[in-house]
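This report refers to the structure that appears directly beneath it.
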Amino acid sequence: MSPYLGKARPRPDAAEKATGRAEYIHDIRRPGMLHAAIRFSEHAHARIKGIDTLKAERIRGVRAVITAQNTPEIRLGFLRDNVALKGEKVRQFRDEVAAVAAIDPDVAAEAAAAIEVEYEPLPALFDPASALDEGAPLVHERDAAGRPLETNLMPVHFRHSSGDITAARSAAAHAVSGEFSTPLIQQSCMGTAGALAEFDPRMNLTIWAKTQIPFLAQRDFNSALSQIGLAGRNTRVIVPALGGGFGTGLDTHCYEYIAILLAWRTGKPVKILYKRDQEFAYLSPRQSSTVRISQGCDAGGRLTFRDVHVTQDNGAYGSWGATYPSVMMIPATSLYRVPNIEFDCELVYTNNTYAQAMRGYGNPELTWALESNLDELAEAAGIDPLEIRRINCNEPGEVTPMGLRVTTCGLRECIEGVGERLGWKNKGGWGAGKKRGVGLASMVHVGGSGRIYRSDASGVILRLDDYGNLYVASGGVDMGQGLHSALQIMAADSVGVDPERVFITQTDTSTCPWDVGTHASRGAFTAGNALLMAAEKMRRQLFEAAIDLYPDLVEQARRSWIRANPDTPPADFDWRASVAPERFQLRNNLLSLRDTPPIPWLEIDLAKLIRAAHFRAGGGEMFTVEAFYDPPSELPDWERGQGNMSACYTYGTQGVEVEVDTDTGDVKIVAMVSVLDVGRVINPQALRGQIVGAIAQGVGYALYEQVITEKGRILNPNFTDYKIPTAVEIDFPLDLEYIETDEPAGPYGAKGIGEPGLTPTAPAIANAIFDAVGVRVRDLPITPERLLAALHARYDDHIPRRAPNAR
Amino acid sequence: MSSYHRPPSVAEALRLKRELPGSSFIAGGTDLLVQMKDRVRQPTALISIRHLSELTRIETDGGARLGAATPLSDLADDSALMTGWPILGEALRDFASVQIRGSATIGGNLCNGSPAADAAPALIVLGARVRIAGLDGERLLPVEQLFEAPGRTRVREEELLVSIELDPPLPSGHGVFLKKMRTAMDVSLASIASLALLRDGRLEEIRLAAGSVAPVPMRLHETEKVLRDRPLTPERIAEARRVARDEVRPITDIRAGADYRRHIVGVFVQRALEATLEKGDR
Ligand SMILES: Cc1cc2nc3c(=O)[nH]c(=O)nc-3n(C[C@H](O)[C@H](O)[C@H](O)COP(=O)(O)OP(=O)(O)OC[C@H]3O[C@@H](n4cnc5c(N)ncnc54)[C@H](O)[C@@H]3O)c2cc1C
């Protein structure tokens, strides 16, 4: 049994953060550093007729003013449809038109405001439907290669089709359909966005970036260096402490390239920081979506078909968020057993703010529709919602229509666990005569990383110093989710050192090995696997060195022991004869042999072995090993919707009891249960943090959060008007349970759990509301105003009044 | 902002205010600093008043006199005040957070002039008056008449609100304060205060006021008329709910629609009156 695994342990960064010592981008300063400010567009769609920077340049303390006219073009984005500074036209309110570097942030802001821009407004598009109308103006007239475009439909294709949906639809005993929507929402990182760019005298770039993809960012920034005439120069990306990522760090951003351009122009380090209102207005939120879904079942409740069409308002440019449908396809094809499936998704350019990824990556959007609609089907078929899920439950060993190979699957235990813990059996009937109700929803997500790039790998370098300290360098990013905690525990356990002797190297492309990025709940899974491979190498090297060195070290230890304890009876154990690589064991920095009599001097401090190896006559050695892990998964064929995207899959179910105030439309969460198949618990304390945080985000998604726009302009760019739940809203009993299915592909059996926690929350709440008052809201968030309108529509002002304790 | 002042007395504060055009008084700063950060207001100088003992005293002897710069948490901790005028305690209970209540002052809440000021409806139904000092003397004004427009009160540029004065509590009056927020720590989207005196099933006195549903916190005179000197019955309550809904003048903004706000005012009036009915004569 491992002494550390599965035991609660504070994260290694916890004390630093709690005492204000952690260095965020906001804290980092460089000698001679300048501050940047950006001038953003004042139109949703307009041609730029002229930019006059003269007034700004004359302001004291201004060091540079840049525009598309006086700097090389830097192209960026998943489809390379975006440029750092816009020259011809603006396509959204937040488009970057000019930027300033100045001696302090106030001067920079003043100068940015003093820039004069002349526009010729163009007709703009604010919803996907009108953007797809015939004759609609084009957001992009040309693609990145200069080819003319004919539509606002983005050139990305994700489809799946299996079985015979038409036949299945007509044969179904029961079928229901509905349209469900989700809003634009803010990732709401506690730490706002920012970057600091600096060139060294050889014109190599160092950038401190709030990123989740340091190595893909290095590639992007190196490509930018080429575009500004610095081909062959390198970028070093350093990731400071991050106050949250939630997907905002999956792309490189215009503001980062602007900082690079200003640093290049001025020869000084340049920092840019977003304030909260700028974070809201100028950083990409989560995509809004509309999902049209129908599902059907036979008389026994077995699902026979599922038909899903998604429309996403992408906004003006493509980010990695445009690959959302890749993950939507997972629940669409593989949550519960469904033989006949259609899935497609259209992503539409509009003049709204462009969207990017957020935790869950399309899965919460799709699960919202799927699990709400499944309750509608259960009602139509007269089957209990829990029962219909049990009937269609996924099983280990199954291959789903998309070709996902299910290894371990604890979904049945999750569903049944929620039922038990929520008291499902005692649940009342349906209808509107009471205010309290219960609901549940499940989820499936990639649990063994999600391959959306040709490499899905993680590297780890382990190094032991002369004193027995273990340094772990991983390319994965800890943005607050606890990756470093998982690495610390796994490193201590797998190498055999005290966790307090494990140090995680700051994420830096110049010292850490390559990693595709921290997304898809993959950090602990992939870096953990790489770490276990490296640990194996490390132990092999240590034990090999020990064959020669251990006998003498024991002899020394024996002598000093006897000096200190002269009365010790002689032990007749021939350790020299017992030495063999497979007999060594290393625990808590102590090296010893297996199956020996309990003789104290047989335990050697690891540091002694390392130093003996270091100073060995005739050539020493060091203990540094690396490993590179790429999970056994496939890059799916997206046009066909086929491929085993992940090495394993995480399942879970949430159940919730709500109380609805039918006078005001308020929804109060009375209790919540989450049962999650996590494979294996590494650190219960960090895991709890992940799930509680995710559920809070899920509750926000369900009930409160929404970026409100009017003709492309964001109206609520602050936490006064953009509501996330406070401690008061999540102050309900939260019962968390884990199913440990011991996933063979996972490090110690663990699966990824970063995103699953928020995925089923919204539909579970909506299903509970339906159970309570017989009304289904299909648009998130379920605000009191919306719910009340739905109640009035359903009951025509004769809403049953409060009936406390009706259950 | 070029200077920050900490005058030794109210008189000196008033003199400084005249001397420094474009300056602002600052009490807890929980409204003003937010506005300054958003550049909605850019005072040339700040004149602090929160340290002035003349402005931070709570006196209760029959009636009450609350120094304008008293932090809300001090008011909530004053047991004589909370026992005599419990509706004030209700209005302060869900007001912001512990941290904000430690800084925010009662005078600042009123002088900021927000239609959502949570202290206003309660003070209006209590019939409170404010004492306003200028360089040439003092005057009294009912809180009900203090608000002019969103962000504007009848405290003039060179005047200081020094205290809030309360009459002795209505014997056996029943006070209720209700507010609707999207989440905790929110600007209310509708609130009501009700002070009722029920005797032998009749409402001998009823005062109702609402916040966030008109350009200023407003008294619900029409609704009161339906109720005053009449027996308090479920039918009467239903009628009051309807009248209140029609009487308020809310707008639609990003926090809520006008219709929803009207609806909530009606629900709250009903709930307040039902609570009074349930409590009964005493
Ligand atoms: C996070 C947060 C939550 C909040 N929640 C609530 C809430 O739930 N309910 C609510 O009603 N408000 C709320 N507020 C608003 C604010 O806290 C209150 O209005 C508070 O009472 C203001 O008092 P203050 O002393 O901080 O005013 P200040 O900010 O110091 O002043 C406000 C204005 O009044 C003027 N002023 C202050 N005192 C005087 C005086 N004696 N004479 C003349 N002029 C004066 C100032 O010049 C300024 O213009 C919240 C604010 C924040 C930041």
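The values are calculated or read from the model by the stated rules, or taken from the named source; none is laboratory data. Remember, it's a predicted structure, so these values are computed and weren't measured experimentally. Positions of Cβ are generated from backbone atoms using ideal geometry, with glycine treated the same way; all protein chains shown enter the neighbour counts. Areas reflect the complete protein model, heavy atoms only, side chains present, ligands, DNA and RNA absent. Shrake-Rupley method; radii C 1.70, N 1.55, O 1.52, S 1.80 Å.
What to note about this one:
- Members of the stretch B:49-66 found to be open to solvent by less than 40 Å² (accessible area, probe 1.4 Å) and within 9 Å of the ligand (Cβ to nearest atom), listed by number: B:I49, B:L55
- Scanning the stretch A:693-703 turns up no residue that is more than 23 Å from the chain's Cα centre (by Cα) and open to solvent by less than 20 Å² (accessible area, probe 1.4 Å).
- Of the residues making up the stretch A:711-729, those that are more than 8 Å from chain B (Cβ to nearest Cβ), open to solvent by less than 70 Å² (accessible area, probe 1.4 Å) and not hydrophobic (A, V, I, L, M, F, W, C) are A:G712, A:P717, A:N718, A:Y722.
- Verdict on A:G641 being among the small types (G, A, S) and farther than 30 Å from A:T511 by Cβ: yes
- Whichever residue in the stretch B:223-241 is out of contact with any strand residue (DSSP E or B) (no Cβ under 7 Å at 6 or more places or on another chain) and surrounded by 15 or more Cβ atoms within 10 Å (Cβ to Cβ) and, among such residues, is farthest from the other protein chains (Cβ to nearest Cβ): B:V226
- Filtered by the rule that a residue be open to solvent by 20 Å² or more (accessible area, probe 1.4 Å) and near the ligand (Cβ under 10 Å from one of its atoms), the stretch B:7-26 gives a lone residue, B:F25.
- Entirely in the stretch B:60-162, the strands (runs of 3 or more DSSP E) that have 2 or more residues that are closer than 28 Å to B:T276 by Cβ: B:63-67, B:129-134
- Screening A:R421 on (1) within 16 Å of A:S674 (Cβ to Cβ); (2) surrounded by 21 or more Cβ atoms within 10 Å (Cβ to Cβ); (3) out of contact with any Leu (no Cβ under 6 Å at 6 or more places or on another chain) shows it passes everything except condition (2).
- Which listed residue, of A:G757, A:G752, is in a loop (DSSP other than H, G, I, E, B), more than 30 Å from A:R794 (Cβ to Cβ) and in contact with a strand residue (DSSP E or B) (Cβ under 9 Å, 6 or more places away or on another chain): A:G752
- Selection within the stretch B:208-251 - of a type in the set (V, I, T) and not in a loop (DSSP other than H, G, I, E, B): B:T223, B:V226, B:I237, B:V243
- The stretch B:176-194, residues that are within 14 Å of the chain's Cα centre (by Cα) and under 15 Å from B:F268 (Cα atoms): B:V176, B:F177, B:L178, B:K179, B:S188, B:A190, B:S191, B:I192, B:A193, B:S194
- Residues that are at pLDDT 90 or above and either loosely packed, with under 10 Cβ neighbours inside 10 Å or in a strand (DSSP E or B) (or both), drawn from the stretch A:567-594: A:E582, A:F584, A:Q585, A:L586, A:R587, A:L590, A:L591, A:S592, A:L593
- Of the strands (runs of 3 or more DSSP E) lying entirely inside the stretch A:455-563, the ones with 1 or more residues being buried (at least 24 other Cβ atoms within 10 Å of the Cβ) and among the small types (G, A, S) are found at A:458-464, A:470-474.
- Residue in the stretch B:201-218 that is crowded, with 23+ Cβ neighbours inside 10 Å, under 23 Å from the mean Cα position of the chain (by Cα) and without any contact (Cβ under 8 Å) to a residue 24 or more places away in the chain present: yes
- If only residues of the stretch A:730-739 that are acidic (D, E) and touching a residue at least 12 places away in the same chain (Cβ under 8 Å) are counted, the one that is farthest from the other protein chains (Cβ to nearest Cβ) is A:E737.
- Test: residue in the stretch A:585-592 that is in contact (Cβ under 8 Å) with a residue 24 or more places away in the chain, on the phi > 0 side of the Ramachandran plot and in the same structural domain as A:L464 (by TED's automatic domain parsing): yes
- So B:D78, is it more than 12 Å from the ligand (Cβ to nearest atom) and either assigned by TED's automatic domain parsing to the domain that holds B:E158 or more than 19 Å from B:Y4 (Cβ to Cβ) (or both): yes
- Residues considered: B:E157, B:E148. Of these, the only one that is over 16 Å from the mean Cα position of the chain (by Cα), within 22 Å of B:S24 (Cα to Cα), away from chain A (no Cβ under 14 Å) and within 14 Å of the ligand (Cβ to nearest atom) is B:E157.
- Given (1) aliphatic (A, V, I, L, M); (2) closer than 26 Å to A:G517 by Cα; (3) in contact with a Ser or Thr (Cβ under 6 Å, 6 or more places away or on another chain), index of the condition A:A193 fails: (3)
- Qualifying residue in the stretch A:111-126 (condition: in a loop (DSSP other than H, G, I, E, B), among the charged types (D, E, K, R) and either open to solvent by 40 Å² or more (accessible area, probe 1.4 Å) or within 22 Å of A:T350 (Cβ to Cβ) (or both)): no
- Qualifying residues in the stretch B:30-48 (those that are outside any loop (DSSP other than H, G, I, E, B), hydrophobic (A, V, I, L, M, F, W, C) and within 14 Å of another protein chain (Cβ to nearest Cβ)) - the one farthest from the ligand (Cβ to nearest atom): B:M36
- Inside the stretch B:252-282, residues that are more than 14 Å from every other protein chain (Cβ to nearest Cβ), in a loop (DSSP other than H, G, I, E, B) and open to solvent by 40 Å² or more (accessible area, probe 1.4 Å) make up a count of 2.
- Flag for A:A22 being assigned to a loop (DSSP other than H, G, I, E, B), at pLDDT 95 or above and of a type outside the set (D, E, K, R): yes
- Test for B:G108: is it within 7 Å of the ligand (Cβ to nearest atom), of a type in the set (G, A, S) and away from chain A (no Cβ under 14 Å): yes
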